[in-house]
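Worksheet for the structure shown next.
The values are calculated or read from the model by the stated rules, or taken from the named source; none is laboratory data. Every value quoted in this text rests on a predicted model; they were computed, and no experiment measured them. As a convention, Cβ positions derive from the backbone with ideal geometry for all residues, glycine included, and neighbour counts pool all protein chains shown.
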Amino acid sequence: MIKFNRRDFIRTSLLGGIVAASIPSHAMNMLAKQTKVTLDINSQVTLATGADRAETAFKALQPFSTAIAQAVGNKRIIVKPNMVTSTIQLSAVHKDTIEGILEFYKSINKLENVVVAESVADGPTMIAYDNYGYIPVAEKYKVKLLSLDETHPQLLYVMDELDLRPKPVRMSSWLTDRNNFVMSVGRMKTHDRVVATLSLKNVVLGAPIKDPGYTWGRDRRQGAESDKAIVHGNGFRGINYNLFALAYHIRPDLAFVDGYEGMEGDGPNNGTPVNHKVCIAGFDWLAVDRVGLELMGVNPANVGYLTFCGDAGMGQYDISKIEIVGEKLTNHIKTYQLSRNLEKQLQWQTPLRERGESLY
């Protein structure tokens, strides 16, 4: 069972008092049962490289073949790719990576359970599937492409740092339902709000749903809204805390990060490509994201939401206790250029007020 050191956590995040508002009481009661810590054992993360996207993706998953087949059982598999927009290929998981993943599920006789599901930020998800070439791949493997905006919503609560009040947010029940097997297929990218985005953020920010007819820009249907902005919490403290708090409800059962071609600079949309040719995977999503940071040359202490998750024992965040299967980690580290606003992003590390300062 997890034991929280409340004093240490508050000292780290300075936002610990919001937890009761953002996590319903029934979820808190089930917390110890739902969340397993891996601090006492080595978490395994595969690291694969190659000259072909699909083959590299397949290779990263293959060491876990038996374990994945057992974990899936008869569950619905939700393959959740990373697509921020419907028009920038570098911001989205490439179709060849998805093909390698579907070929893997075919190899373990689980393909009939697979649904590819996403909710892009800027408009209809089916347009993104079409633009990025997913439709022929889905037809080839006879899997369904789904917009998470069409699924039944579950109401959760997040924090807004402007008033520290809980805000309701509609989240796709397909990603909150623990009876589904959720596979996050993130892309290795720098980020202009949280330094880096990997597997956890991919599922958490894909879960807020949009109304039909919502698009960025002037052609939005009157009254159509998106709940994605709510999760950003109106600031760098808010988004880091919300990603942490929502991880109790939405997290990958299997984490996969596509670093075959990463993004550096002003991600997650406007960065530049990094020819990295790596993929990583594992059941411990926090360990996978930690290895991703190492591969990107990112200081893990600068990524607030993952630091919070590590402090709360959601997985392994100590790189020395993560077992790398496959390629040697040190042979594939590249130093990604970070977003130009990095200094602003690190506001979460500073207190809202000086310790001992009166509230009155």
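Table: residues versus (1) among the β-branched types (Val, Ile, Thr); (2) touching a helix residue (DSSP H, G or I) at 6+ places or on another chain (Cβ under 7 Å); (3) closer than 28 Å to MET263 by Cα; (4) touching a residue at least 40 places away in the same chain (Cβ under 8 Å).
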| site | (1), (2), (3), (4) |
| --- | --- |
| GLY100 | no, yes, yes, yes |
| LYS110 | no, yes, no, yes |
| GLU118 | no, yes, yes, yes |
| THR125 | yes, yes, yes, yes |
| HIS152 | no, yes, no, no |
| ASP160 | no, yes, no, yes |
| ASP163 | no, no, no, no |
| LYS189 | no, no, yes, yes |
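Criterion first (at pLDDT 50 or above, of a type outside the set (Val, Ile, Thr) and surrounded by 14 or more Cβ atoms within 10 Å (Cβ to Cβ)) does SER22 satisfy it?
No, not satisfied.
What number goes with the only condition from (1) in contact with a strand residue (DSSP E or B) (Cβ under 7 Å, 6 or more places away or on another chain); (2) outside any helix (DSSP H, G or I) that GLY313 does not pass?
Just one mismatch for GLY313, condition (1).
Do we find a residue being of a type in the set (Ser, Thr, Tyr), assigned to a helix (DSSP H, G or I) and touching a Ser or Thr at 6+ places or on another chain (Cβ under 9 Å) anywhere in the range 202-214? Outline the logic, then answer.
Initially, the range 202-214 is screened for residues of a type in the set (Ser, Thr, Tyr), giving 214.
Now restrict to residues that are assigned to a helix (DSSP H, G or I): none.
Taking every residue of the range 202-214 in turn, none turns out to be of a type in the set (Ser, Thr, Tyr), assigned to a helix (DSSP H, G or I) and touching a Ser or Thr at 6+ places or on another chain (Cβ under 9 Å).
Within the range 207-216, identify whether any single residue is among the hydrophobic types (A, V, I, L, M, F, W, C) and either over 22 Å from GLN89 (Cβ atoms) or touching a Cys at 6+ places or on another chain (Cβ under 9 Å) (or both), and answer yes or no. Full working, then the answer.
Here is the first cut: in the range 207-216, the residues among the hydrophobic types (A, V, I, L, M, F, W, C) are 207, 209, 216.
In the following step, the residues that additionally are either over 22 Å from GLN89 (Cβ atoms) or touching a Cys at 6+ places or on another chain (Cβ under 9 Å) (or both) were identified as 207, 209.
So far as the range 207-216 goes, yes, one or more of its residues are among the hydrophobic types (A, V, I, L, M, F, W, C) and either over 22 Å from GLN89 (Cβ atoms) or touching a Cys at 6+ places or on another chain (Cβ under 9 Å) (or both).
How many residues does the range 275-296 hold that are buried (at least 22 other Cβ atoms within 10 Å of the Cβ) and part of a strand (DSSP E or B)?
5
Please name all residue pairs, on different chains or six or more residues apart, with Cβ atoms under 7 Å, provided the first residue is in the range 70-89 and is without any contact (Cβ under 8 Å) to a residue 60 or more places away in the chain and within 16 Å of GLY206 (Cβ to Cβ) and the second residue is buried (at least 17 other Cβ atoms within 10 Å of the Cβ) and among the polar types (S, T, N, Q).
Matching pairs, first to second residue: SER86/ASN131.
Out of the residues in the range 312-333 that are closer than 14 Å to SER43 by Cβ and without any contact (Cβ under 8 Å) to a residue 40 or more places away in the chain, which is surrounded by the fewest Cβ atoms within 10 Å (Cβ to Cβ)?
Within the range 312-333, the subset closer than 14 Å to SER43 by Cβ is 313-325, 329.
This time we only want the ones that are without any contact (Cβ under 8 Å) to a residue 40 or more places away in the chain, so: 317, 319-320.
On the way: TYR317: 26, ILE319: 15, SER320: 6.
Among those residues, the one meeting the criterion is SER320.
Determine whether CYS309 is within 21 Å of HIS94 (Cα to Cα) and crowded, with 17+ Cβ neighbours inside 10 Å.
For CYS309, the condition - within 21 Å of HIS94 (Cα to Cα) and crowded, with 17+ Cβ neighbours inside 10 Å - is not met.
Yes or no: ASN240 among the polar types (S, T, N, Q), under 18 Å from the mean Cα position of the chain (by Cα), surrounded by 24 or more Cβ atoms within 10 Å (Cβ to Cβ) and closer than 18 Å to TYR157 by Cβ?
In short, yes.
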